[in-house]
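Notes follow once the structure below has been shown.
The values are calculated or read from the model by the stated rules, or taken from the named source; none is laboratory data. Treat the numbers as computed from the prediction; the structure is a model and nothing was measured. Cβ placement follows ideal geometry from the backbone for every residue including glycine, while neighbour counts extend to all protein chains displayed. What goes into the accessible areas is simple: the full protein's heavy atoms, side chains included, and nothing from ligands, DNA or RNA. Shrake-Rupley method; radii C 1.70, N 1.55, O 1.52, S 1.80 Å.
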Amino acid sequence: EIMSSSDALKCHPWLVDYWWKAVAPDADKYTARAALHQEHGYFIRALPNAKVDYPVQACLYIGQDGVIQDVHNVIIVEEGAELNVITGCATDPKVKKGMHVGISEFFVKKGGKLTFTMIHQWGEEVAVRPRSGVIVEEGGLYLSNYICLKQVKNLQMYPSVKLTGKNAVARLNSILVAPPGSHMDVGGRRLLEAPETRGEIIARTISTGGVIINRGHLAGQAPHTKAHLECHGLLLSPGGLIHAIPELEARTDNAELSHEAAVGKIAPEEIEYLMARGLSEDEATATIVRGFLNVNIEGLPDSLAKEIEKAVNEFSLNKGC
């Protein structure tokens, strides 16, 4: 089922039981604004045991300069269903200033699987405020992929995933590039609330002059939970900034939580090694950057995976300039 969230509320009275369940309307001033000024959004639902072969594509688009966009999205994957959603959020080429406030609530029922991929290309002076919450039930799987390779004035996002059923799994992958003038404050939280749940957060960040604050929080709240957090940053310009903030929180003695964080620049000896094998300095740098951004993103169709690889290669060849 695909329709606007406003129409879905009229069509399905039971949807009020999900409305603001994964995200609190009073979480901050942006959620409060969206609760008061909500302008549609999308509703996507995979019916019980449905296996959706092709990705469902959605887009949030700002077509006028200076607009504040408030949307509320709801995705429900019913028991045993599988769904792949790809969103491409963007602004019109003529739009320079604006704001996007996007509330997204995800519900993965028992044995369900949701792959959610976001590819953002906002205007240079657009402020972006996604507010996402996910609830995964027993045996459910949630895969999130976030990619932003272009300049954005200010991006702030911190999706929270609750694993509420035994053997539920959540994985978050992100590839971020911050050119000069960009400020990205991103991250994610995994709350392992049921036994034998697992979580993973993998981030690759590059600053070519912009600011990236990369946050991650893993909370093992039930027995036999396991999660890993990995934040790697590459600084390609002395004017840039990368700040990694990993958090581990264990509330039971048999939770296994780990993290790996590293921020630095390209080592000269790595460039010299490749140059000794016939590459120019620019080619050597591009090869290293391309390898750094090579994150195995699950759940993508081959055509989209190739497009992402192409975009990464183009960025690598230009070193983000």
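Which order do you get for Met184, Met275, Met99 if you rank them by accessible area with a 1.4 Å probe, largest at the top?
Met275, Met99, Met184
Can you tell me, using C-alpha contacts under 8 Å and at least 6 residues apart, the relative contact order of the chain as a whole percent?
10 percent
Could you order Leu114, Leu235 by accessible surface area, starting with the largest, using a probe radius of 1.4 Å?
Leu235, Leu114
Run the accessible area of segment 1-117 with a 1.4 Å probe and give the carbon-and-sulfur part as a rounded percent.
Answer for segment 1-117: carbon and sulfur cover 53 percent of the accessible area.
Straight-line reach from Lys94: which aspartates and glutamates fall under 15 Å, measuring Cα to Cα and dropping same-chain residues less than 8 apart?
Within the straight-line cut-off, Lys94 pairs with Asp65, Glu124, Glu125.
Heavy atoms only, probe 1.4 Å: what % of the accessible area of segment 137-181 goes to carbon and sulfur, would you let me know?
45 percent
Show Asp28, Asp53 ordered by accessible area, largest first, where the area counts protein heavy atoms only and the probe is 1.4 Å.
Greatest to least solvent exposure: Asp53, Asp28.
On a 22 Å Cα-Cα criterion, which of the cross-link pairs Lys113/Lys162; Lys97/Lys150; Lys10/Lys97; Lys29/Lys110 come out too long?
Lys10/Lys97; Lys29/Lys110
Work from the charge dipole of segment 39-99 (Cβ charges, +1 for Lys and Arg, -1 for Asp and Glu, about the Cα centre) and give the residue of Phe43, Gly98, Cys59 farthest towards its positive end.
Result: Gly98, furthest along the dipole toward the positive end.
Round to a whole number: what % of the accessible area of segment 222-271 belongs to carbon and sulfur, probe 1.4 Å?
51 percent
Taking only protein heavy atoms into account and a 1.4 Å probe, give the accessible area per residue of the chain in Å².
Averaged over the residues of the chain, the accessible area is 45 Å².
Return an integer: the convex hull volume of the alpha-carbon atoms of the chain, in Å³ per residue.
Convex hull volume per residue, Cα atoms: 133 Å³.
Loop-only check: which GluC sites (Glu not before Pro) in segment 235-291 are DSSP coil with at most 12 other Cβ within 10 angstrom?
none
Sticking with the crude label model, points 7 Å out along Cα→Cβ, report the distance from Glu39 to Tyr273 in nm, one decimal please.
Label-label distance for Glu39 and Tyr273, simple model: 5.1 nm.
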